[in-house]
1. Roughly what would the spin-label model give for HIS336 and VAL375, points 7 Å off Cα along C-beta, in nm?
2. Using just the alpha carbons, could you tell me how many Å³ per residue the convex hull of region 163-306 encloses?
3. Would you report the distance distribution of C-alpha pairs in region 219-301 as whole percents per 10 angstrom bin, up to the bin with the largest distance?
4. ASN252 label point, 7 Å along Cα→Cβ, cut-off 18 Å on backbone N: hits in region 89-115?
5. So, in nm, how far is label SER303 from label LYS174 when the simple model puts each one 7 Å beyond its Cα toward the Cβ?
6. Using a Förster distance of 35 angstrom, determine the FRET efficiency expected from the C-beta separation of ARG128 and GLU81, and round it to 0.05.
7. State the Kirkwood hydrodynamic radius of region 1-116 in Å, one decimal place, computed from all pairs of distinct Cα atoms.
8. Could you list log10 I(q)/I(0) for the chain at q = 0.14 Å⁻¹, which the Debye formula gives when each Cα is one point scatterer?
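The values are calculated or read from the model by the stated rules, or taken from the named source; none is laboratory data. If you're wondering where the values come from, they're calculated on a predicted model, not measured in any experiment. Heads up, the Cβs are rebuilt from the backbone with ideal geometry, glycines too, and the neighbour counts pull from every protein chain shown. Side chains included, ligands, DNA and RNA excluded: accessible areas come from the protein's heavy atoms. Shrake-Rupley method; radii C 1.70, N 1.55, O 1.52, S 1.80 Å.
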Amino acid sequence: CQHPGRFYDAIVVGAGIQGTFAAYHLAKRGQKTLLLEQFPLPHTRGSSHGQSRIIRTAYPQDYYTAMLGEAYRLWAELEEEAGTKLHRQTPMLVLGRKDNPAFQRFWDAMQRNHVPSEALTAESLAQRFPGIHLRGGEVAVCDHTAGILFADKAVKAGQDQFQRNGGTIRDGEKVHGILPGAVITVTTSQGQYRAKHLVVTAGAWANRLLAPLGLHLPLQPLRITVCYWRAKAGSPPGLLEKLPCFLGINLNGEKRDLYGLPAGEYPGLVKVCYHYGTPVDPDHPDQPGSSAPDLRILQDFVSKYLPGLEPEPAVQERCMYTNTPDEDFVLDRHPHFRNIAIGAGFSGHGFKFAPVVGKILCELSLGEEPSYDLVPFQISRFSSQLKAPCKPPN
């Protein structure tokens, strides 16, 4: 007979921030839940490590703004449960040219959704935040709801609360196969587990688990260069402390955005990154020279827009995005196995939404009506990517 310790109500594969919150919500709903992670925890192989992420209400798409009110509330709820500070409020500037349609979509959406904000000219920006230099025709909009999430602490707090609610974590245990059915069998490097419900939040490895289930999503893993910069000698006192979060929309002629966070990770350093990267095999992310193009973009940006910083980064790290073609998430049930929920393709902007994403994936896996309209996140938008379904087990 089946060993009682090997049967669960729900299994979640992937213990990054999205999987952690899916497991957290399942356990809070009284589901006996197993959270599986292929690497020993904590690790730096995925998309959830590091000490900081931006949280903001400024979004050009209303369907993201609609989720953020609950996201802020659930982050505060986890803070209270864990007794740990996970968030610091700080303004965020959206920077761009007035005549840039992408920038205008941000500003229009912020006004439409009544986001507490204000517009700043280059002159008023220079007075308030002297470390940022805009160029001709560029302006700023300030999102007063924004802040910084303490990423590593948030992942740990979510996992700790999951375990306090009766959940089980098994890390360093890679999933080798998923056999669908009314009861799903998950085979790992350590054995087999069975459950009525499954959530797949495997990041850059999602397709390796989904392909044998007849599904291949258009997911592109990207290696992201994360750089930290020091103030130049002789810079005005407090220059770094006065820098807010910022999001630069197509600044310096770039097709992609750039973003920055005030000093926090490393004392006396500022985090500035390019919101894109180099296609990569997630099992071999450190390809020689893969960060060089991104680094040149960042150096040029820093020299022009943040001239009080040294032109060379003091620290370089890597992260990983898993992008969809439209950079919207995948939040859906498997089209043929409805007790399998999938969260994927968070495209470098999913961390802030994790408490709500986890709730949605919990609802999907349990066969419930989701709390939000998930049309923008449905797998069917990639109709050409769907393969023939696997034959369910007898």
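1. Distance between the two pseudo-spin positions: 2.8 nm.
2. Values: hull volume 26.5 nm³, N = 144.
Here the figure is 184 Å³ per residue.
3. It works out to 16, 43, 32, 8, 1, in whole percents.
4. Only 93-97 fall inside the zone, counting backbone N under 18 Å.
5. For SER303 paired with LYS174, the spin-label model returns 4.3 nm.
6. The calculated FRET efficiency here is 0.45.
7. Working: mean 1/r = 0.0574 Å⁻¹.
After inverting the mean inverse Cα-Cα distance, the result is 17.4 Å.
8. Ignoring solvent entirely, the Cα scatterers give -1.23.
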